């Protein structure tokens, strides 16, 4: 990571700490450091790339709260990477709605 990019990362981490915003660090791509920030209703993934760019992806909750029966979906859909073959959440909801009317 170039020195100015490292400085940018450190400055960002210092800002998070000063604001009392919890974060975790990860290394998921060869030439990047990821900062994951979880705030109410959102998760942010910020990647500081070795060659300069900073990539930000936000995951925003729709506010839906489910009971523990939803946990079964975690294993049914995502176990053993079977999620790669599964329809998107919207497609799945449409399929469930269709099944209910059959």
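The values are calculated or read from the model by the stated rules, or taken from the named source; none is laboratory data. Please read all numbers here as calculations on a predicted model, not as lab measurements. As a convention, Cβ positions derive from the backbone with ideal geometry for all residues, glycine included, and neighbour counts pool all protein chains shown.
The table for this structure:
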item	result
Of the criteria (1) at pLDDT 95 or above; (2) surrounded by 10 or more Cβ atoms within 10 Å (Cβ to Cβ); (3) out of contact with any helix residue (DSSP H, G or I) (no Cβ under 6 Å at 6 or more places or on another chain), which one residue 60 fails	(2)
Residue check, residue 33 assigned to a strand (DSSP E or B), surrounded by 13 or more Cβ atoms within 10 Å (Cβ to Cβ) and modelled with pLDDT of 95 or more	yes
Condition check for residue 98: modelled with pLDDT under 95, outside any loop (DSSP other than H, G, I, E, B) and loosely packed, with under 10 Cβ neighbours inside 10 Å	yes
Checklist (1) in contact with a strand residue (DSSP E or B) (Cβ under 8 Å, 6 or more places away or on another chain); (2) surrounded by fewer than 10 Cβ atoms within 10 Å (Cβ to Cβ); (3) touching a residue at least 40 places away in the same chain (Cβ under 8 Å) applied to residue 24, failing item	(3)
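Let's see how each residue does on (1) loosely packed, with under 12 Cβ neighbours inside 10 Å; (2) closer than 30 Å to residue 12 by Cβ; (3) in the same structural domain as residue 20 (by TED's automatic domain parsing); (4) at pLDDT 90 or above:
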{"site": "37", "(1), (2), (3), (4)": "no, yes, yes, yes"}
{"site": "40", "(1), (2), (3), (4)": "yes, yes, yes, yes"}
{"site": "52", "(1), (2), (3), (4)": "yes, yes, yes, yes"}
{"site": "56", "(1), (2), (3), (4)": "yes, yes, yes, yes"}
{"site": "72", "(1), (2), (3), (4)": "yes, no, no, yes"}
{"site": "77", "(1), (2), (3), (4)": "no, no, no, no"}
{"site": "86", "(1), (2), (3), (4)": "no, no, no, no"}
{"site": "92", "(1), (2), (3), (4)": "no, no, no, no"}
